1. Which of the helices (runs of 4 or more DSSP H) contained wholly in segment 245-316 include at least 1 residues that are assigned by TED's automatic domain parsing to the domain that holds residue 384 and within 30 Å of residue 361 (Cα to Cα)?
2. In the set 43, 49, which member is crowded, with 18+ Cβ neighbours inside 10 Å and under 24 Å from residue 113 (Cβ atoms)?
3. So residue 179 ticks every box in (1) within 31 Å of the chain's Cα centre (by Cα); (2) modelled with pLDDT under 95 but one. Which box is left unticked?
4. Got at least one residue in segment 285-303 being touching a residue at least 60 places away in the same chain (Cβ under 8 Å), buried (at least 20 other Cβ atoms within 10 Å of the Cβ) and closer than 22 Å to residue 50 by Cα?
5. Right, residue 351: at negative phi, touching a strand residue (DSSP E or B) at 6+ places or on another chain (Cβ under 8 Å), assigned by TED's automatic domain parsing to the domain that holds residue 379 and surrounded by fewer than 22 Cβ atoms within 10 Å (Cβ to Cβ) or not?
6. Name, by its number, the condition in (1) farther than 22 Å from residue 280 by Cα; (2) surrounded by fewer than 21 Cβ atoms within 10 Å (Cβ to Cβ); (3) under 12 Å from the mean Cα position of the chain (by Cα) that does not hold for residue 211.
7. Look through 329, 442, 433 and report the one residue that is over 19 Å from residue 459 (Cα atoms) and surrounded by fewer than 19 Cβ atoms within 10 Å (Cβ to Cβ).
8. For segment 385-416, enumerate the residues that are assigned to a strand (DSSP E or B) and closer than 17 Å to residue 11 by Cβ.
């Protein structure tokens with residue numbers, strides 16, 4: 001999800017305007033082929049909505065990657081003037097921004113500064129993708145890359161701990177065979193206690209404060225991933241975060257599964273490991289933010305007893321906190337909610353909930369691209385809002401885009417209205433687990449960084465308040481207009 005966004009947001013505003021003005025928005029239906037491996041390509045494509053699948057001939061009959069909203073493709077062929085390196089086709093109906101290669105080349109040739117910025121942005125995105133593909137092929141054929149062989153001292157210290165965790169899992173699995181397929185209670189307790197220790201050991205070894213170079217952390221992380229994935233892929237929730245069927249980890253269905261907090265999995269160990277994952281600090285933080293936002297909605301209702309309270313949720317996902325607030329509200333007309341999301345499947349789910357709960361007059365689900373809204377390329381008509389918030393979006397956005405999003409929200413708020421932005425904090429003890437095992441890479445921000453974002457936006461000042469959910473790793477920065 002983030003690579004394409006990084007390409008856009010690392011450019012200047014005028015560069016992005018050029019791309020949008022010279023690109024063509026194109027709707028494609030599921031199974032439409034966009035590129036074919038070995039054939040020339042004539043355009044760069046940015047995914048605006050939907051999901052694309054990536055296939056290569058060296059791994060037959062298997063999808064090797066998924067591209068969701070914000071991803072960019074065709075850049076390798078553009079940079080090297082060569083044929084497509086993979087076949088890409090739409091997994092579901094999708095909306096694309098297609099930029100003709102010849103038009104872009106002419107513009108780059110006539111403006112060296114523009115060319116420098118675009119080439120650098122494409123090179124960065126391409127490097128990230130190639131690194132991911134290298135790791136994929138290494139896992140497929142069971143060999144180590146050059147980076148995998150770095151920092152043997154750290155790996156030597158970490159490996160026995162991982163082997164101990166795996167030995168415990170194997171012991172639990174054998175015990176389940178003799179216990180009608182159920183892991184005995186004493187071993188279940190041990191596994192659930194060993195999982196956070198596994199995450200803790202990983203954080204100490206290759207977390208942000210470990211002192212190792214990023215290439216060494218990546219190499220060790222890839223080794224750990226190869227050791228742990230056969231077990232973690234037995235789970236339902238953790239497996240979805242890793243496989244990213246919607247193109248990124250934190251899609252609406254993944255968040256719903258974490259909210260539901262029901263362990264599921266395959267084989268004798270899957271459900272137990274899913275329970276261990278759902279008990280992790282990061283998963284608890286996701287659940288906690290639901291209750292925290294419900295309380296903030298309740299506070300706005302209490303502060304305005306004589307009029308309806310208007311709320312907009314940006315990247316709404318399943319919007320459980322909104323429905324929680326309505327469940328406690330006797331007079332439903334007191335709350336008017338706009339839900340915005342780019343994912344049509346997420347909107348279909350919330351529309352079903354709206355209809356089921358009889359809230360069609362109070363809640364409106366709206367399809368919107370928040371990148372376009374922040375850049376002024378898309379408009380929505382909503383009355384001045386009392387509260388706007390996002391609880392799982394800006395972890396994927398760089399600072400420049402967050403500032404633009406905050407400024408757009410500022411323009412939608414009434415005087416005294418409030419914007420709340422949720423973000424993971426760097427003290428997240430599961431960050432290394434998320435980064436290197438699940439490849440759930442988020443931008444973590446401190447309180448000072450959140451203050452700086454609001455100061456440099458249309459709000460022009462520090463946050464009014466910063467609150468943490470009960471696990472203490474998801475912060476919520478609020479600022480009033």
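1. Those helices (runs of 4 or more DSSP H) span 281-303.
2. Only one candidate passes the filter, namely 43.
3. For residue 179, the exception is condition (1).
4. The answer is no, given that none of the residues of segment 285-303 is touching a residue at least 60 places away in the same chain (Cβ under 8 Å), buried (at least 20 other Cβ atoms within 10 Å of the Cβ) and closer than 22 Å to residue 50 by Cα.
5. Judged against the criteria, residue 351 is a match.
6. Of (1) farther than 22 Å from residue 280 by Cα; (2) surrounded by fewer than 21 Cβ atoms within 10 Å (Cβ to Cβ); (3) under 12 Å from the mean Cα position of the chain (by Cα), only one is false for residue 211: (3).
7. Unique residue meeting the criteria: 329.
8. Listed by number, the list is empty, since nothing qualifies.
The values are calculated or read from the model by the stated rules, or taken from the named source; none is laboratory data. Everything quoted here is computed from the prediction, not taken from an experiment. All Cβ positions, even for glycine, are placed from backbone atoms using ideal geometry, and neighbour counts span all protein chains on display.
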